[in-house]
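Read the structure below first, then the notes.
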Amino acid sequence: MNKFEQLGLNESLLKAILDLGFENPSEVQEKAIPLLLEKDTDMVALAQTGTGKTAAFGFPLIQKIDADNRNTQALVLSPTRELCLQITNELKNYSKYEKGINVVAVYGGASITEQAREIKRGAQIIVATPGRMQDMINRGLVNIKNIDYCVLDEADEMLNMGFYDDIVSILSDTPDEKSTWLFSATMPQEVARIAKQFMSEPVEITVGAKNSGSSTVSHEFYLVNARDRYEALKRLADANPDIFSVVFCRTKRDTQAIAEKLIEDGYSAAALHGDLSQAQRDGVMKSFRGRQIQMLVATDVAARGIDVDNVTHVVNYQLPDEIETYNHRSGRTGRAGKLGTSIVIVTKSELRKISSIERIIKQKFEEKTIPSGIEICEIQLLHLANKIKDTEVDHEIDNYLPAINNVLEDLSKEELIKKMVSVEFNRFITYYKKNRDISVGGGERRERGDSEPREFSNNGAVRYFVNIGSRDNFDWMSLKDYLKETLDLGRDDIFKVDVKEGFSFFNTDPQHTDKVMDVLNNVQLEGRRINVEISKNDGGGRRDHNNRGGGRRDSGRREGNFAPRREGGFRSDRGSSRDGGSREGGSRDGGFRSDRNSSSRREGGFRSSAPRNEGGSDRAPRRSENFGDSSRPRRSRRD
Ligand code: ADP
Ligand code: MG
């Protein structure tokens, strides 16, 4: 007996659930379904977004409806047209093996007479937005005087949107004996008031935030000019060398085009959309799971249900048409308790969508700026240095060392290092030197008061580099909190916090610099010394990476909160999501690689080809393998 069966659901629902691919009930479903099936009761269920509330009321509703009776038996109220359509669609899916159940959506912006006609044909369940529902009642187009069930879905959201009066009026048009089920993510006073006023002894269910992916996902948006969208995508990838991401586009055509461009520019990308054959799709997914693909460019439909662990970023290359879809997208990351980031590349005209999404996900976005070329160079360089440090040596190399030593013997260690990283760095810096800054100095959201004014200009601000990052279980919010607390500074004193895997950046005003340097350099995080340095990159300068000394004084504040996994150094990729891949795919075909006149996209070095310019004049540097990174089998095409 599967777990849904244990909840008391009938055959036809179980069959539909099988089709939906749900394996186990979510917590809210597990709690609500048996109660609702068992008796006619009022219920208040609180559970975060994305926890499966639709099915929690939808399954029992479908089972309880009398399919042979054509009268309207249930009304589901939901805040927006999109949600209304989504719920209708879900309910239709749930009831597909149950003959004779009709679900009709009623919402503004579409023909009211057509909706009335559908209802007249016999709709046991009406899913409606409050405004349009009120309208239909006023015009006598619908009869809800005998319904048995009324569901208030996303009740907090409906009230947020000012539907209180409509809801009260609609409810007063329904019979007292019905059962009312209220589903909400939060319980503000207005919701409590509705519950008190219209429900009798409701059973209460609360589901902790734990099982939802959303609390492990942080949300960021980058404002760019429309023409810079693609460039922004590349820079975000470049600024996150270990990115393992799903990139969402709106159409199949865009999906294909963006994937092709990325591949052409040397990134390990692939497209996933409905025009591919099943075999092709399977192939793409296999490569993605095996991490041969770092950027999976996908349509919403094709990516539905993708369940790949350790996706580091979801990138909304374009926002979805229906903002609710955003949830599905961002849920591809932050799975199984891992941290993830959902990024939106947005143009000015789409900015207001961000606020709508914030309401739906009940989380705030952080507004960020596309990293400058210098910043990216810095990140890549450090990444390279760490790759070198962490590379496991294959002793085959010993055979060649005498010859190599012969060539290099006159170089000091310092010179050698300099030259070695410059092999890669020169190309990279050359590319970014001639490319303009694409960040948009916006500030649109400033007047809304939910973004820090200094995000945009670093007017005199000091930028720091610190050797702690997401690996230490920080995201930008928690790092900001941590810094604020450790440095005893105010909320707005620390800004532009940008967390990478093994390190982070942040800004303060200059008057805090002494404090930051003194205090932070003397603090330990779980036994590891924190190292903070002033990053000169803001104005385009370079950071000087001398390890700064520093005594050890444990601040003692963070016991047990974080678990740094290693000691010293800026970062290593040990333990990163890429690592599994690198072990699997370590075969090198083709022996040593020669960078010169290679036309391969996948050559070594942390970045290749920028100035090499095969034909294209101003092409981005190619994505390529990093030193010591053998996560993809190499193809050395040296023709
Ligand atoms: P909520 O209303 O709580 O925000 P939804 O009902 O919209 O959440 O569900 C969020 C997502 O989770 C949907 O894509 C839905 O299909 C999926 N889902 C719901 N229940 C389950 C389950 N038991 N197993 C797997 N996925 C589920
Ligand atoms: Mg919902």
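In table form, for the structure just shown:
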quantity: Three principal axis lengths of the stretch 65-177 [C-alpha, angstrom, descending]; calculated: 37, 29, 25
quantity: Rg and Dmax [Cα atoms of the stretch 128-252; Å; Rg one decimal, Dmax integer]; calculated: 21.7, 61
quantity: Protein-only accessible surface order, largest first, of Arg139, Arg235 at 1.4 Å; calculated: Arg139, Arg235
quantity: Pairs from Lys286/Lys338; Lys286/Lys353; Lys53/Lys496; Lys261/Lys433 whose Cα-Cα separation, in the structure shown, is over 24 Å; calculated: Lys286/Lys353; Lys53/Lys496
quantity: Extension gain from Asp514 to Asp307, taking 0.36 nm per residue of separation minus the Cα-Cα distance; calculated: 69.9 nm
quantity: Intensity falloff of the stretch 1-62 expressed as log10 I(q)/I(0), Debye formula with alpha-carbon point scatterers, at q = 0.13, 0.15, 0.22, 0.25 Å⁻¹; calculated: -0.30, -0.40, -0.87, -1.12
quantity: For Val151, residues with placed amide H under 5 Å, excluding near neighbours; calculated: Leu75, Val76, Leu77, Trp181
quantity: Taking N as its residue count, the alpha carbon Rg of the stretch 210-326 over 2.2 N^0.38 Å; calculated: 1.02
quantity: With eigenvalues of the C-alpha gyration tensor scaled by 5 and rooted, the stretch 316-434, Å; calculated: 45, 19, 10
quantity: Rotationally averaged projected area of the stretch 364-426 (alpha carbon convex hull; nm²); calculated: 6.7
quantity: With 5 Å bins from 0: P(r) over the stretch 1-147, alpha-carbon pairs, percent; calculated: 2, 10, 19, 22, 20, 14, 9, 4, 1, 0
quantity: Three-way shape call for the stretch 472-522 based on the alpha-carbon gyration tensor, with the a/c threshold at 1.5; calculated: prolate
quantity: Rg/Rh (Cα only; Kirkwood hydrodynamic radius) as it applies to the stretch 50-118; calculated: 0.95
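The values are calculated or read from the model by the stated rules, or taken from the named source; none is laboratory data. In this text the structure is predicted, and so the values were computed from the model without any measurement. The area values use the complete protein model at the heavy-atom level, side chains included, leaving out ligands, DNA and RNA. Shrake-Rupley method; radii C 1.70, N 1.55, O 1.52, S 1.80 Å.
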